[in-house]
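Bear in mind that the values in this text are calculations on the coordinates, not laboratory data. Here the structure is a predicted model, which is why all the values come from computation and not from measurement. Every residue, glycine among them, receives a Cβ derived from its backbone with ideal geometry; neighbour counts consider all protein chains shown.
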Amino acid sequence: MSVPDFAESIARYLRTNNMPAPIEAAVILGSGLGGFADHIEHPRVLPYAGIPGMPQPSVGGHKGQLVVGTVGGRTVMAFSGRFHHYEGFSFAQAATPVYLAKRLGARKLIISNAAGAINTSFSVGDLMVIEDVIRGNLLISPAGYPRHPYRHHRWVDTVCSLAAGLNLSTRQGTYIYAKGPNYETKAEIRAFRRMGADAVGMSTAPELFEAARLELKSVGVSLISNMASGVTGNKLNHEEVKAVAENRKEDFVRLVKALIEQF
Ligand code: HPA
């Protein structure tokens, strides 16, 4: 199954530069979740800037490096820094980590993000396993490839059971992709709720759809970093939000480790 030429070249470069193969799991780290990379043993850090052809992220909170090493004896690659379409990247560029994971033989892909809760029963700090996706912009898939189904739902129960086994409560829900970079208006959030969305974010959907096309076993996990626009009457208290997210980071790390070992 083909990946764009630019991604083939990057994969070739990595393979000829001592990338261990095969990779057991690839992890894409969302905003504020880059700390997972500190839990990788025997890390080799490859700044994106030193990888020929690699897109260069411009968003704060995204480091822009690939960390390769082991977790529980399994070889992993973690992308600390992702590529958003709103930064000017094409949807194919946004899916670069997916292509590299596939070409380096990863058996599974864990995609994380920070998202805003639309579902009023959710709270800041919740971890939501993405059950389904609404593509606010229907054109997120790179053109030129055959049609393919989105069937990632089949892994959600396994992921939630794994989390429950760690005494971690998770939500399941529908993620709606919004291009950004502006946050949504209150009216948009009301509309998204009527459409059936539980959380909103500006990433992940292109990655999940390309992973589906490439038949790469994947799961998306959202850390609810805030209630979406207009969901609470209160002004967001950023200190509180940061503190809750900070607390859940440990749980996120535990979940990702379990996924690497058992998913
Ligand atoms: N909207 C869109 N993207 C986000 C949000 C949000 O409220 N929170 C984190 N990423």
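Between residue 121 and residue 148, the simple label model (points 7 Å from Cα in the Cβ direction) yields a spacing of 3.4 nm. Beta bridges assigned by DSSP with both partners in the chain are antiparallel in approximately 35 percent of cases. Panel values: the chain, Kirkwood radius from alpha carbon pairs, Stokes-Einstein at 10 °C and 1.306 mPa s, translational diffusion coefficient 86 µm²/s.
Computed on region 5-262, with alpha-carbon pairs under 8 angstrom and 6+ residues apart, the relative contact order is 24 percent. Over all other residues within a Cβ to Cβ distance under 11 Å of residue 19, the charged ones net out to +4, with Lys and Arg as +1 and Asp and Glu as -1.
Normalised by 2.2 N^0.38 Å, where N is the number of residues, the alpha-carbon radius of gyration of region 23-105 equals 1.03. Taken as entire DSSP H runs, the helices of the chain never both span 30 Å or more between Cα atoms along their own long axis and average -0.5 or more on the Kyte-Doolittle scale. The ranking of 110, 140 by Cβ neighbour count inside 10 Å, starting from the fewest, reads 140, 110. The label point for residue 13 and the one for residue 250, both projected 7 Å from the Cα toward the Cβ, are 3.9 nm apart. Around residue 134, with a cut-off of 14 angstrom between Cβ atoms, what is the net charge of the other residues, counting Lys and Arg +1 and Asp and Glu -1? So the surrounding residues net to -1. Listed by chain and number, the aspartates and glutamates whose alpha-carbon sits under 16 Å from that of residue 249, ignoring those within fewer than 8 places in the same chain, are 38, 126, 239, 240. At each listed q (0.11, 0.12, 0.13, 0.18 Å⁻¹), what is the log10 of I(q)/I(0) that the Debye formula gives for region 33-185 modelled as equal alpha-carbon point scatterers? The computed values of log10 I(q)/I(0) come out as -0.51, -0.62, -0.74, -1.49. Computed over the chain, the per-residue total of -39500 (n - 2.57) for DSSP H runs of n ≥ 4 gives a 222 nm mean residue ellipticity of -9000 deg cm²/dmol, rounded to 500. Once you list every other residue whose beta carbon is under 12 Å from the beta carbon of residue 84, what net charge do they have if Lys and Arg are +1 and Asp and Glu are -1? For residues surrounding residue 84, the net value is 0.
Checking the table 63/179; 63/108; 63/102; 108/186; 63/186 against a 29 Å threshold on Cα-Cα, which pairs fail?
108/186; 63/186
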